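Nothing in this text is a laboratory measurement; each read-out follows from the coordinates by a stated rule. Nothing here was measured: the structure is a model prediction, and the numbers come from that model. Don't worry about glycine lacking a Cβ; one is built from the backbone with ideal geometry, like all the others, and counts go over all protein chains shown.
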Amino acid sequence: MVWAAALSSAHRSFGIRIPAHDAREARPRPRVGIVIHDFALGGTERIAVRLANKWSELGVEVEIFCGARTGPLMDLLHPSVMVHSPAEPIRRERGSLRRLGQAARVHFGAFPVAAVYVPGNTHWPVARPLATLPPECRPRIIAQISAALQKPQRGALRQRVFELRMRQKLRGVDQVVGMCWGAARQAMRMLGRNDITAIPLPALGDERGPLCSPIDPASPVVFAASRLVPGKGVEHLLRAFAAVRHPTARLVIAGSGPNETSVRTLITELGIGSRVELLGYVPDIRPFLDRASFLVMPSDHEGYGAVIVEALSAGRPVLATDCTPAVHELLDSPDAGTVIPIGNVPAMALAIEAMLARPAADPQKLADLVERFRIGPVARRYLSLVGIAPGFDGHPARLLTAANDTAALSPDCAKGVTAL
């Protein structure tokens, strides 16, 4: 079994363990598909890659069908995860998601899987073609809600149009999943169905690193991690920071994007160049969170705000705009942080000053608030939705055959399973 040994070695190199399988086991491993446009550096794509890697570790055969094999996140994909794409790549352009959905329908019709995961609002158009597959090869379809459903800036008419299109795109989807109960409740109302659930964002690995002590309050650092694109509120943050009355506070921003030139121009115009540092893109923000006093998320809109989870996990409080229902669930403890109105520069400046003046919170207490966002429990909950028992303690993953067939389930997902 040279191939098996090589694959096991590859998993160890990625810090992933494949469950031991009995060579005599005749039952095939359950198969799960994921459909994404490409491997661009986006939140939904990052979640898809993380879940694919974890599902593979749990003994599931994972197959990603993508429009194009391009993007930096492909380098993070474990070699045990299969990747398929059309002979002619489907690039991002108008109508490309509909073509991606039709191509995925052809592929999974020929190579059936137990379930297909649709990661986020952007990819919803691929769900309907998959739902029209014949019963003998139709997978269960899980569609995730990754962005805010209710946006005040849309206005009443545009919101009604959005909800109509949402119902059309998600018709035939077997399970809709919000990343927080606020989003799930909104979806229940908009879709008129009561079977929508919430599964936390898999923003954290299963490893728990040491927490750093709060930094010296005499030299505070305000940190933000954001792409430099419209809608992320970086300009609001810069104007607010310029109004902050603190002699030694510094602002550090991690992220890159097409607005970088205009951001640098605004920094110069505001006269804060000596107090602001632009890091550009950084693959891991944890070292910068360790050296920060708190995080600011100034966005006009967000899907969930994974960076909030990362900050709390590092033991750092958060100042966030009311840009997603998730902020109220994540920052419901006074120690965790503060929520302010979207686009209100004076309110943001006052809130930054208040955060700088208050005593540092206990890092461990903040980290404990986001334990539920670990990839392991999240990945298992998704599998339980489609009746797959993950591999654990040497048992291979397998499809459940009856609603009470929970013998192969690990303890954290043995409840509430519905069989296929």
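Report the gain in length on full extension from D322 to D216: 0.36 nm times residue separation, minus Cα-Cα distance, nm rounded to one decimal.
Extra length available between D322 and D216 comes to 35.3 nm.
Evaluate E = 1/(1 + (r/R0)^6) for N194 and H246, where r is the Cβ-Cβ distance and R0 equals 51 Å; express this FRET efficiency to the nearest 0.05.
E(calc), rounded to 0.05, equals 0.55.
Show me 263-271, 284-292, 138-146 ranked by packing, highest mean number of other Cβ atoms within 10 Å first.
For the peptides 263-271, 284-292, 138-146, the packing ranking is 138-146, 284-292, 263-271.
Starting from the Cα of D335, step 7 Å along the direction of its Cβ; do the same at E93; then give the gap between the two resulting points in nm.
Here the answer is 5.4 nm between the modelled labels.
Between R358 and S274, what's the calculated FRET efficiency when r is the beta-carbon distance and R0 is 22 Å? Round to 0.05.
Efficiency, rounded to the nearest 0.05: 0.30.
Over region 267-346, what is the relative contact order in whole percent, taking alpha-carbon pairs under 8 Å and six or more residues apart?
Computed over region 267-346, the figure is 25 percent.
State the antiparallel share, in %, of DSSP beta bridges confined to the chain, rounding to the nearest 5.
Looking only at bridges with both residues in the chain, the antiparallel portion is about 10 percent.
In degrees, nearest 10, range 0 to 90: what is the angle between the Cα axis of helix 43-57 and the longest Cα principal axis of the chain?
40
Can you give me the angle between helix 260-270 and the longest principal axis of the chain, using Cα atoms only, in degrees from 0 to 90, rounded to the nearest 10?
20
Calculate the dipole size of region 221-371 relative to its Cα centre from +1 charges on Lys and Arg beta carbons and -1 charges on Asp and Glu beta carbons; express the result in debye to the nearest 20. Write down the numbers at each step before the final one.
Working: 12 positive and 17 negative charges, 114 e Å.
With Lys and Arg at +1 and Asp and Glu at -1, about 540 debye.
Against the longest alpha carbon principal axis of the chain, how many degrees, from 0 to 90 and to the nearest 10, is the axis of helix 96-110 turned?
30
Across the Cα atoms of the chain, what radius of gyration and what greatest pairwise Cα-Cα distance (Dmax) are found, in Å?
22.4, 71
Once you place label points 7 Å from the Cα toward the Cβ at V161 and F111, how far apart are they in nm?
Rounded to a tenth, the inter-label distance reads 3.9 nm.
Taking K and R as +1 and D and E as -1, what net charge do the other residues with C-beta under 13 Å from the C-beta of Y281 add up to?
-1
Using Cα-Cα distances under 8 Å and only pairs 6 or more residues apart, what relative contact order does the chain have, in percent?
Worked out over the chain, it gives 15 percent.
Any idea how far apart R208 and T132 come out in nm if each label point goes 7 Å out from Cα toward Cβ?
If labels sit at R208 and T132, their model points lie 4.9 nm apart.
Determine the percent antiparallel among the DSSP beta bridges restricted to region 221-371, to the nearest 5.
Values: 1 of 19 bridges.
Restricted to region 221-371, the bridges split so that about 5 percent are antiparallel.
Determine the gain in length on full extension of the stretch A347-E371; use 0.36 nm per residue of separation and subtract their C-alpha separation, reporting nm with one decimal.
Net length gain for the segment: 5.6 nm.
Where nothing but the Cβ of Lys and Arg (+1) and of Asp and Glu (-1) is charged, how large is the charge dipole of the chain around its Cα centre, in debye to the nearest 20?
1280
Based on alpha-carbon centroids, what's the gap between region 243-260 and region 83-125 in Å, whole number please?
Using only Cα atoms, the two centres lie 39 Å from each other.
Just rank F241, F162, fewest to most, by other beta-carbon atoms within 10 angstrom.
F162, F241
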